[in-house]
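Since the structure comes first, as structure tokens, the remarks are kept for the end.
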Amino acid sequence: MAKIIFALNQSLDGFVDHMAFVPDAVLFRHFIDDVRGVAGSVYGRRMYETMRYWDEDHAEWDASEREYAAAWRSQPKWVVSRTLKSVGPNASLIEGDLAAAIRELKAQHEGEIEVAGPELAHSLTELGLVDEYRLYLHPVVLGHGKPFFAGPRPPLRLVASDRIGEQVIRLTYVPV
């Protein structure tokens, strides 16, 4: 049975904004390896539309960016949306009963399925379906934006902390 993991970059003051965080080479390598190792990813519509950037090659990419894109493209993706009518390659649309769909994914797969998008993660938290939270803390204070936790913070227990690269600390929590 797969574990559902909510993992995102976050500022020190608790906000997510992928345009505000530029990973160093070590952190980017970590993300490449992470994408290769997951059983798939579940995205909310907005996060999926952001990540679609990796669907097509860009001439200015370096080798690491091409490697990340290849890893991202190869993994299965499930997109939760009420407005999208179709999704890109290697992606499936989740409509209807979110809890049933995620429980089915957990039952059908082994390993880790990452969830991206704070609002989607909040819905899954309320349903008791998030098994682990990974906060990648960057030394940036944004002062605004979308919070990592889109609703009340669930009671959590710290199970690991890791420094990744020069600037980032990953904190890993599980629900209490």
Surrounding charge for ILE4, neighbours by C-beta under 11 angstrom, Lys/Arg +1, Asp/Glu -1, total -1
For the stretch 22-96, the Debye formula with one identical point scatterer on each Cα and no solvent gives log10 I(q)/I(0) at q = 0.19, 0.22 Å⁻¹ as -0.81, -1.02
16 Å Cα-Cα reach of LYS77 towards lysines, excluding residues that sit fewer than 8 places from it in its own chain:
LYS3, LYS85, LYS106
Tally the DSSP beta bridges in the chain and give the antiparallel ones as a percent, rounded to 5.
40 percent
Can you give the net charge of the other residues whose Cβ lies under 11 Å from the Cβ of ILE32, counting K and R as +1 and D and E as -1?
-1
Tell me the relative contact order for the stretch 42-175 as a rounded percent, counting alpha carbon contacts under 8 Å between residues six or more apart.
21 percent
So, in Å, what gap is there between the alpha-carbon centers of the stretch 107-145 and the stretch 18-89?
15 Å
D for the chain, whole µm²/s, Stokes-Einstein with Kirkwood Rh over alpha-carbon pairs at 10 °C and 1.306 mPa s: what number?
95 µm²/s
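Values quoted throughout were computed directly from the atomic coordinates according to the rules given, and no laboratory measurement underlies them. Fair warning: this is a prediction, and the values are worked out from it, not measured in the lab. Backbone-built Cβ (ideal geometry, glycine too); neighbour counts: all protein chains shown.
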